[in-house]
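As structure tokens, the structure follows; a few thoughts come after it.
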Amino acid sequence: HKMSNIRVSTIHRFLYRALSDYYMGFTTRRAEISKLGHMIEDLLSGKLEVLDEFRKLVKGWSFNPRVVIIDETSMVDETLLAVLFSMINPEILEHLILVGDERQLPPIGVGRPFVDLIFYLKQKGLETNFIHLESNLRFDPSTSLGMFSDLFSGKEQPSPIEIEEALNRKDESLERYYFGNAAELR
């Protein structure tokens, strides 16, 4: 049977391990590989001044996937994408598939590229370039949890009254806990 050339990895593992895993045969260029690894560490820790030098150096080490799928893209910041995209040869890449939920919390780092991309596509009338999941497959939308999460799915912020009403529904899907002053809880 044919050997699969599909690689599954977190972005961080790919960035930190890809050069050493895939190019260790290049023993004469170990110093360059090591330097790239240190530059990745610097970039991901916020030292963005090395990005231009990194991009120039990494061109000789580009990876050539035809398809890249990034899951939970809403959690990926601009720096992480910049480093990843710098390592991928755009001449070979045929499909870039980003999967995520633009309503999730933004990335911890700089920017929110997934949300910005969706906004850009909508502004340019390019809605056919993305697919929006219409139905919730995680839980029944008629339950307390479903109604509570639906409050936050629109563009408008829910009112405190709407939130309280959703929280007051009694079923097994949602449990409420209150935290207050430790002396009051005794």
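The values are calculated or read from the model by the stated rules, or taken from the named source; none is laboratory data. Since the model is a prediction, treat every value here as computed from it, not as a measurement. Ideal geometry is used to build each Cβ from the backbone, glycine not excepted, and the neighbour counts take in all protein chains shown. Surface areas here come from the heavy atoms of the whole protein model, side chains and all, with no ligands, DNA or RNA. Shrake-Rupley method; radii C 1.70, N 1.55, O 1.52, S 1.80 Å.
What is the gain in length, in nm to one decimal, between S34 and L151 on full extension, counting 0.36 nm per residue of separation less the C-alpha to C-alpha distance?
So the chain would gain 37.2 nm between S34 and L151.
For region 51-130, state which trypsin sites (Lys or Arg not before Pro) are in a DSSP loop and have at most 11 other beta carbons lying within 10 Å of their beta carbon.
R66, R103, K124
What residues qualify as long-range amide H neighbours of I69, i.e. H under 5 Å apart, gap of 5 or more or another chain, H built at 1.01 Å from N?
I97
Please give the contour-minus-distance gain from I161 to E49: 0.36 nm per residue of separation, less the Cα-Cα distance, rounded to one decimal in nm.
35.5 nm
Suppose R0 equals 41 Å; then what is the FRET efficiency for I131 and Y16 from their Cβ-Cβ distance, rounded to the nearest 0.05?
Rounded to the nearest 0.05, the efficiency is 0.85.
Tell me which lysines have Cα within less than 28 Å of K124's Cα, excluding those fewer than 8 residues away on the same chain?
Cross-link targets: K155.
[x] -0.62, -0.71; [y] -0.50, -0.60; [z] -0.57, -0.64: which one is log10 I(q)/I(0) by the Debye sum over Cα atoms at q = 0.10, 0.11 Å⁻¹ as calculated from this entry?
Calculated log10 I(q)/I(0) by the Debye sum over Cα atoms at q = 0.10, 0.11 Å⁻¹: the matching label is [x].
Over the chain, average the accessible area per residue using a 1.4 Å probe and give it in Å², no decimals.
76 Å²
For region 105-186, what is the charge dipole size about the Cα centre, in debye to the nearest 20, if Lys and Arg each add +1 at the Cβ and Asp and Glu each add -1 at the Cβ?
Computed charge dipole of region 105-186: roughly 320 debye.
How high is the relative contact order of region 83-186, in percent, with contacts defined as C-alpha pairs under 8 Å that are six or more residues apart?
Across region 83-186, relative contact order equals 16 percent.
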